[in-house]
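Since every read-out is calculated from the coordinates, none of them should be taken as a lab result. What you see is a predicted model; the values in this text were computed from it and never measured. Glycine gets a Cβ as well: all are built from the backbone with ideal geometry, and neighbour counts include every protein chain shown.
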């Protein structure tokens, strides 16, 4: 599988590399042939490898619109599958699926379903740990409503975490979206929530590791016209 560096990571990775090179150069000059210098070099390699993994952009795409299927919008672990009352947009019960991204996951975000963006808004908020339930509505987040042609409307949220301080969203209200196309990026630990109709068939389990543009998390039923 081909791996590329996400455009959001090119600047940070260059800065990280420069800092690590300077730190290692200083230790080599002033503490040559010591265990400390070896340890610094090893930790630098580990840190940079983690940063590369964080900013990678997996080249995964779907062919066709795949109407009725819900794509995992990011790599990560399913931390919530539950029935909730969504009062802001639907004013009804929905099934919430939440995917938590650790520092070791690629943080690219992808479009979960094919359809039209009927609402997009960014909400300022807290920066609590993203795996906590209350982070869904208390943390800084972006709301994205996508109306599918035959399977109703879903709500997707990009949610900042305790460390993440920047949410990037590439799509706009009114856009026609194709499942699996780039949606955005969240820097450092964070999560994404999906709110689905109650009659949706859930295809994942709590605690399961999912992969964007590989894992389908749900199948939607057609709505009555």
- Highest-first arrangement of 150-156, 83-89, where packing means the average Cβ count within 10 Å: 150-156, 83-89
- Item | Calculated P(r) tail over 18 Å for the stretch 69-219, as whole % of Cα pairs | 50 percent
- Note on the structure: Here the relative contact order (percent) of the stretch 1-120, from C-alpha pairs under 8 Å and at least 6 apart, is 28 percent
- Item | the chain, helix-only ellipticity at 222 nm - DSSP H runs n ≥ 4, -39,500 (n - 2.57), divided by all residues, nearest 500 | -6500 deg cm²/dmol
- Query: Along the Cα-to-Cβ line of residue 173, 7 Å from the Cα, sits a label point; which residues in the stretch 92-119 have backbone N less than 15 Å from it?
  - Reply: 116-119
- Query: Fully extended, how many nm does the chain gain between residue 63 and residue 83 (0.36 nm per residue separation, minus their Cα-Cα distance)?
  - Reply: 4.1 nm
- What percent does the relative contact order of the chain come to when contacts are Cα pairs within less than 8 Å and at least six residues apart? 24 percent
- Item | Whole-number percent relative contact order across the stretch 3-58, with pairs defined as alpha carbons under 8 Å at least 6 apart | 67 percent
- Message: At a 10 angstrom cut-off on C-beta neighbours, averaged per residue, how do the peptides 209-216, 72-79 rank from highest to lowest?
- Response: 72-79, 209-216
- Message: Using a 7 Å offset from the Cα along the Cα-to-Cβ direction at both residue 223 and residue 166, what is the distance between the two label points in nm, to one decimal?
- Response: 3.6 nm
- Task: May I ask you to derive the FRET efficiency for residue 21 and residue 53 from their Cβ-Cβ distance with R0 = 25 Å, giving the value to the nearest 0.05?
- Result: 0.80
